Structure formats: C-alpha cells, structure tokens
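The values are calculated or read from the model by the stated rules, or taken from the named source; none is laboratory data. Source: prediction; values computed, not measured. Every residue, glycine among them, receives a Cβ derived from its backbone with ideal geometry; neighbour counts consider all protein chains shown. Ligands, DNA and RNA are excluded from the accessible area calculation, which covers all protein heavy atoms including side chains. Shrake-Rupley method; radii C 1.70, N 1.55, O 1.52, S 1.80 Å.
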Amino acid sequence: MKTLVLFYSYEGNTELIASEIAKTIGADQVRLHPREEKHYTGFMKYVWNGKSAVMREKPELEPIEKDLLSYDLIFFGTPVWAGSWAPVFNTLFERWNFTGKKIACFYCHAGGPGSIEKRFRRELSTASLLGFCGFVDPLWSKKREEQKQRAREWAWEMVRLATQDKR
Ligand SMILES: Cc1cc2nc3c(=O)[nH]c(=O)nc-3n(C[C@H](O)[C@H](O)[C@H](O)COP(=O)(O)O)c2cc1C
C-alpha cells in the first residue's frame, strides 16, 4: 500500500511524530511549507499565527513534489492552532479533493485540542477516515519516548485498518 505522511510543523513537535510514523511503516514524508513563513517567538508567535488560524487564512504553499492523490493511505499531521489545524491545511483542503482516500489524522497540542477532530470529520466527510491520535508537545515532554511508542502502535493500527477497509 502506497502511504504518505503529510504534515506541517512550526516548532518540531509534529515533525517528530511524522518522522516516527514514516520510519515505522516505511511511508513517504512531505512537509507542507507556506511560501512566506515568518518565525515569530514568544507572545507574537500566538498573536500572528493565532490570527491566521482564526481567520482561516489560506497561505500560498511551496510546490509539492509528490502526487498526493497517488497514495492509498495518507496520514495528516498538524499542530493545533486555536482549536483547529494550522492554516496550511485550509489551502490543502481547497486545492485537493481527498474523496475516497484512506486518511488518518494526528495532531500535537499543549493540552487543549479543541474541536480539531470534529473539524477533520466534517472536512473529510467524503474520505474514509480511519482514526485520530493526539500528542501533547512530544518534543518537549518528559514522556517523549512513550508518545513515540504510541505513535508507532497507532500507525500500525491505521495500516491494519486501511488494509481491511473496503469502502
Ligand atoms: C498560534 C498557536 C496557537 C496554538 N493554539 C493551541 C490550542 O488551541 N490548543 C493547544 O492545546 N495548543 C495550542 N498551541 C500549542 C501547539 O499546538 C503545540 O505546542 C504543538 O505541540 C506545536 O506543534 P509544532 O511544534 O509541530 O508546531 C498553539 C500554538 C501556536 C503557535
């Protein structure tokens, strides 16, 4: 089964899990890059990126080298921003139609995942959504290894479900 891990990460947490999943199940990996990405720190990080998330902005993306729709199973990975996905996913969902694709979603957050799963469910209602997994700041967490282990187990579970999925 052709599998892709498609993710965005601002500070490395989602990237850690994305790499762990890709390595574990032997998937390709694509990181979404907004054309203009400013790296704010401290308070401004929340102000500007939070505004972009709340306004549901659709930032221009750097070209994606892979043919996303050629994959059978796609893992989407995002940090939670203001209770939802990072704005690059707004662009992705506008440009690509994932109808019929097997999808698994993971997200990294600081303790308040908000309504991200509900939003994914709504956005991907025509896809075959296999499952979700949330991680709490895995890069900075004392439970980093535990969270990586959970990512590996969840990834295999998603592959198993995808293999059985006949929708
Ligand atoms: C603009 C912004 C908004 C955020 N909003 C939330 C939120 O609503 N809930 C939450 O639990 N964490 C929130 N966070 C924290 C991140 O989701 C969390 O630190 C995540 O692990 C970062 O992933 P990354 O390192 O891949 O960027 C926010 C962070 C930023 C920068």
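Cβ-Cβ distances below 7 Å connect the following pairs, each with a first residue in region 100-126 that is without any contact (Cβ under 8 Å) to a residue 60 or more places away in the chain, a second residue that is among the hydroxyl-bearing types (Ser, Thr, Tyr) and open to solvent by 50 Å² or more (accessible area, probe 1.4 Å), and a separation of six or more residues or different chains: THR126/THR99. Return the total of residues in region 13-27 being open to solvent by 20 Å² or more (accessible area, probe 1.4 Å) and in a helix (DSSP H, G or I). Looking only at that region, the number is 6.
For region 40-97, name all the residues that are closer than 30 Å to LYS2 by Cα, aliphatic (A, V, I, L, M) and open to solvent by 70 Å² or more (accessible area, probe 1.4 Å). LEU69, the sole residue that qualifies.
The residues of region 125-167 that are part of a helix (DSSP H, G or I) and among the hydrophobic types (A, V, I, L, M, F, W, C), listed by number, are ALA151, TRP154, ALA155, TRP156, MET158, VAL159, LEU161, ALA162.
Taking region 112-124 as the range and being open to solvent by 20 Å² or more (accessible area, probe 1.4 Å), within 11 Å of the ligand (Cβ to nearest atom) and either outside any loop (DSSP other than H, G, I, E, B) or of a type in the set (Ser, Thr, Tyr) (or both) as the test, only SER115 passes. When residues in region 28-76 are screened for being in contact (Cβ under 8 Å) with a residue 24 or more places away in the chain, part of a helix (DSSP H, G or I), within 16 Å of the ligand (Cβ to nearest atom) and hydrophobic (A, V, I, L, M, F, W, C), 2 of them pass. Residues in region 102-111: is at least one under 18 Å from LEU139 (Cα atoms), open to solvent by 40 Å² or more (accessible area, probe 1.4 Å), within 16 Å of the chain's Cα centre (by Cα) and within 12 Å of the ligand (Cβ to nearest atom)? Yes, the conditions are met somewhere in region 102-111.
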